[in-house]
Amino acid sequence: TVEVQVTDIQLVDSAKVNEQPAPGQGHLHYQVDNGPVIATTAPKLSFHELSAGQHKVTVELVGNDHQPLGQRETLTVTIPQGDKSRVKRQ
């Protein structure tokens with residue numbers, strides 16, 4: 001589970017505003033490794049059934065038009081072999 005805190009930006013569904021940029025509005029893009037980008041207004045998102053080993057989880061704040069608005073963070077997590085209940089964050 002990844003949880004982010006967003007301030008000074010209203011998280012809105014870009015589809016509902018026809019992907020038109022507006023000051024003070026945006027949403028989040030999450031990506032695990034080189035997988036698909038998940039565009040959402042959810043500041044908390046869980047990823048399930050990751051294989052054992054290291055994974056990179058990237059979170060980026062973007063505008064309604066999907067253009068970056070600022071900070072992008074990448075976390076490295078390690079899923080232990082045979083035990084998905086414990087995750088080591090690096």
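Just checking my list (1) 0.93; (2) 0.98; (3) 1.04 against Rg/Rh (Cα atoms, Kirkwood Rh) computed from this structure; which label fits? Here Rg/Rh (Cα atoms, Kirkwood Rh) agrees with entry (3).
Remark on Q25: its backbone amide H falls under 5 Å from those of Q10, a criterion applied only to residues 5 or more positions apart or on other chains, H modelled at 1.01 Å from N. Here the Karplus curve 6.51 cos²θ - 1.76 cosθ + 1.60, taken at θ = phi - 60°, turns the phi angles of the stretch 16-25 into couplings of 6, 10, 6, 6, 8, x, 8, x, x, 10 Hz, with x standing for Gly and Pro. Using a cutoff of 8 angstrom between alpha carbon atoms and counting only pairs six or more residues apart, the relative contact order for the chain works out to 26 percent.
In order along the stretch 59-64, the Karplus-derived 3J(HN,Hα) couplings, from 6.51 cos²θ - 1.76 cosθ + 1.60 at θ = phi - 60°, round to 10, 9, 8, 10, x, 4 Hz, and Gly and Pro are given as x. Between the amide H of L69 and those of L61, V62, G63, distances stay under 5 Å, these residues lying 5 or more places away or on another chain, with hydrogens modeled in the peptide plane.
Using a 1.4 Å probe over the heavy atoms of the protein chains, calculate the carbon and sulfur portion of the accessible area of the chain as a whole percent. It would help to have the intermediate numbers written out before the result.
Numbers: 2850 of 6150 Å².
Answer for the chain is 46 percent, counting heavy atoms of protein chains only.
Rounded to the nearest 20 debye, the dipole magnitude of the chain is 360 debye, with +1 charges on Lys and Arg beta carbons, -1 on Asp and Glu beta carbons, and the Cα centre as origin. Heavy-atom accessible surface of the chain, averaged per residue, reaches 68 Å², computed with a 1.4 Å probe.
The values are calculated or read from the model by the stated rules, or taken from the named source; none is laboratory data. This is a predicted model, so every value here is computed, not measured. Cβ atoms come from the backbone with ideal geometry, glycine included; neighbour counts cover every protein chain shown. In case anyone asks, the SASA skips ligands and DNA or RNA and just uses the protein heavy atoms, side chains included. Shrake-Rupley method; radii C 1.70, N 1.55, O 1.52, S 1.80 Å.
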